[in-house]
1. Show me, for the range 66-74, the HN-Hα J-couplings you get by feeding each phi into the Karplus relation (A = 6.51, B = -1.76, C = 1.60, θ = phi - 60°), rounded to Hz, glycine and proline as x.
2. Please compute the modelled spin-label separation between LEU133 and LEU153, points set 7 Å along Cα→Cβ, answer in nm with one decimal.
3. Considering only the other residues whose Cβ falls under 10 Å of the Cβ of SER35, what net charge follows from Lys and Arg at +1 and Asp and Glu at -1?
4. What are the ³J(HN,Hα) values, in whole Hz, obtained from phi via the Karplus relation 6.51 cos²θ - 1.76 cosθ + 1.60 with θ = phi - 60°, for each residue of the range 44-59 in sequence order, with x given for Gly and Pro?
5. If packing is taken as the mean number of other Cβ atoms within 10 Å per residue, what is the order of 54-66, 224-236, 244-256, 198-210, highest first?
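All of the numbers you see were taken from the coordinates with simple rules; none came from a lab. Keep in mind the model is a prediction, meaning the values are calculated, not measured. Quick reminder, even Gly has a Cβ in these numbers, built from the backbone with ideal geometry, and neighbours come from all protein chains shown.
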Amino acid sequence: MDELRWIIFILKIVLSPVLIACATLIGRRWGPGVSGWFTGFPFVSAPISIIFALQNGFGFAADAAGGTIGGQTCVCVFAIVYFLAAKRLKWYFCLAASLAAFLAAAWLWKSAPLGLSGSAIGLCLVALLGLFLLRGRDAAKTKTFSNRWDLPLRMSASCLVVLLVTGFSSIAGPLWSGIFSAFPVFGLILATFTHIEDGKEAVRPLLRGYIFGSFGIAAFYALIASLLPVLQSLWIYAVAGVVTMGLNALTLRLMQKSG
């Protein structure tokens, strides 16, 4: 039991900050679009889901997986609202409006759950709407110089969110836990810093890449919710991960062609 607790602690404290650091560095090397696409992998929510399975059982994790699909739909709403607000408003207004939109979408989804298949279809439809609204050519890349505290702040914020969500899961129930495991920690941090450092034109490809990852997340959690209660094995996460990697490789090609 002590060994299990240490594994959970390491997942909470180490993995999420390291991955958001990778997303930041990828954005600086290949641009905000690829950075946004990279965050479309379930890097934060998948470890949380595994923690749910270890702490609360396979049934809880499977139920939470359905909630995560709904949560990713709310993330797409977050991205759409941030982009639309960024056309006219400063970053802090965009942040407030997009977070309010995420919470409102989460409340609506919680009030009228659609079931697993309905949630997956709803996510794909909202993602397609987001890609349509965020269509356009990428602006020319500009060289920026980030503050030296930029990366530590991003890593600290992601770690805090993971700790809050996993700690809250025992009293929130699987549905809300699943929704908030998809809290847009990457989108929130990356969009805000990109908006401040590179301007509003760089926000569009970042959030567009972020939305592109939704199709892989839909497939990942549909497999978890469907197979985990039946097979009762954590190996399902590996299978779902392989499927997600293949699907995201396809979306990257589509993103590069359209961008």
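1. x, x, 5, 4, x, x, 5, 4, 5
2. 2.7 nm
3. +2
4. 8, 6, 5, x, 4, 4, 5, 4, 4, 5, 6, 7, 10, x, 5, x
5. Details: 54-66: 21.1, 224-236: 17.2, 244-256: 15.5, 198-210: 24.1.
Sorting 54-66, 224-236, 244-256, 198-210 by mean packing, highest first, produces 198-210, 54-66, 224-236, 244-256.
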